[in-house]
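Please read the structure below before turning to the comments.
The values are calculated or read from the model by the stated rules, or taken from the named source; none is laboratory data. Keep in mind the model is a prediction, meaning the values are calculated, not measured. Note that each Cβ is placed from the backbone with ideal geometry, even for glycine, and that neighbours are counted across all protein chains shown.
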Amino acid sequence: MIQVLVNGQQLLIPSDAEWAEILRGGELNGRQTSATFLWSVQRCLPVVAQYAELSLTILDLDGCHFFTKVFLGVADYKQRVFLEELQCIVCNWSGWTADPLVEDNYIGLPWDLVLPLIQKAMTFPLSPCPTCGAKLPRRHPIWVAY
C-alpha cells in the first residue's frame with residue numbers, strides 16, 4: 001500500500017488488489033473496518049475507477065478509525081471532495097458530483113489547515129448540469145460526471 005502525505009495528513013492508497021481484499025475480508029492493516037467505511041468504499045470505488053481525475057484514499061485516524069477520502073485533480077492541485085448524486089431540477093439529469101465544502105472532507109485536520117483549504121475550494125467554479133447548463137441544487141459541485 002502506498003503512503004502519501006497530503007495537507008499534513010498521512011493517507012493510504014491501496015492497489016486494485018488491496019481494495020478487493022479490503023472489501024472481501026473487511027480488514028485493513030490487520031484491523032476490522034466498520035460497516036460505514038466498507039459502504040463508503042463500495043459507493044466511491046466504482047465512480048473513482050471511471051474518471052482519471054478522481055482518486056480514492058484512506059485516512060487511518062489515530063489508529064482507531066478508517067475514513068475514505070476522495071480527491072479531484074484540478075491542474076496540479078488535489079482537492080478533497082465528497083462524491084454524491086444530484087438531480088437537476090430543470091431537466092432531471094441525475095449523476096455524480098464532487099463537493100469540496102462538505103466538512104467530512106477535512107476530518108482529522110487542525111482548523112488552521114482547514115480554513116485555507118476551504119478558502120481555496122471556494123475559488124473553483126461551480127459545475128452546472130451537463131445536460132441543460134442549469135445550476136445544480138443544494139451543495140457546491142465543482143465537478144460533474146460526464
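Overview of values
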{"quantity": "Residue tally, condition part of a strand (DSSP E or B), over 24 Å from Ser34 (Cβ atoms) and of a type in the set (Asp, Glu), over the stretch 58-116", "calculated": "0"}
{"quantity": "Total residues in the stretch 65-90, condition of a type in the set (A, V, I, L, M, F, W, C), out of contact with any Lys or Arg (no Cβ under 7 Å at 6 or more places or on another chain) and within 17 Å of Pro116 (Cβ to Cβ)", "calculated": "2"}
{"quantity": "Scope the stretch 13-37; condition outside any helix (DSSP H, G or I), farther than 14 Å from Met1 by Cα and touching a Ser or Thr at 6+ places or on another chain (Cβ under 8 Å); matching residues", "calculated": "Gly26"}
{"quantity": "Members of the stretch 1-43 that are among the small types (Gly, Ala, Ser) and closer than 23 Å to Leu109 by Cβ", "calculated": "Gly8, Ser34, Ser40"}
{"quantity": "Sole residue being surrounded by 18 or more Cβ atoms within 10 Å (Cβ to Cβ) and acidic (Asp, Glu), chosen from Asp76, Asp99", "calculated": "Asp99"}
{"quantity": "Scan of the stretch 64-95 for residues that are over 14 Å from the mean Cα position of the chain (by Cα) and of a type in the set (D, E, K, R), ordered by number", "calculated": "Asp76"}
{"quantity": "Test: residue in the stretch 14-29 that is surrounded by 19 or more Cβ atoms within 10 Å (Cβ to Cβ), within 23 Å of Ala121 (Cβ to Cβ) and not aromatic (Phe, Trp, Tyr)", "calculated": "no"}
{"quantity": "Single condition Thr68 does not satisfy, out of (1) free of Cβ contacts under 8 Å to residues at least 40 places away in the same chain; (2) more than 23 Å from Ile142 (Cα to Cα); (3) touching a helix residue (DSSP H, G or I) at 6+ places or on another chain (Cβ under 9 Å)", "calculated": "(2)"}
{"quantity": "Residue within the stretch 123-143 that is in a strand (DSSP E or B) and either loosely packed, with under 15 Cβ neighbours inside 10 Å or among the small types (Gly, Ala, Ser) (or both) present", "calculated": "no"}
{"quantity": "Which listed residue is part of a strand (DSSP E or B), in contact (Cβ under 8 Å) with a residue 12 or more places away in the chain and either of a type in the set (S, T, N, Q) or touching a helix residue (DSSP H, G or I) at 6+ places or on another chain (Cβ under 8 Å) (or both), from Ser55, Ser40", "calculated": "Ser55"}
{"quantity": "Counted residues, the stretch 90-122 - those being aromatic (Phe, Trp, Tyr), farther than 23 Å from Pro46 by Cβ and modelled with pLDDT of 95 or more", "calculated": "1"}
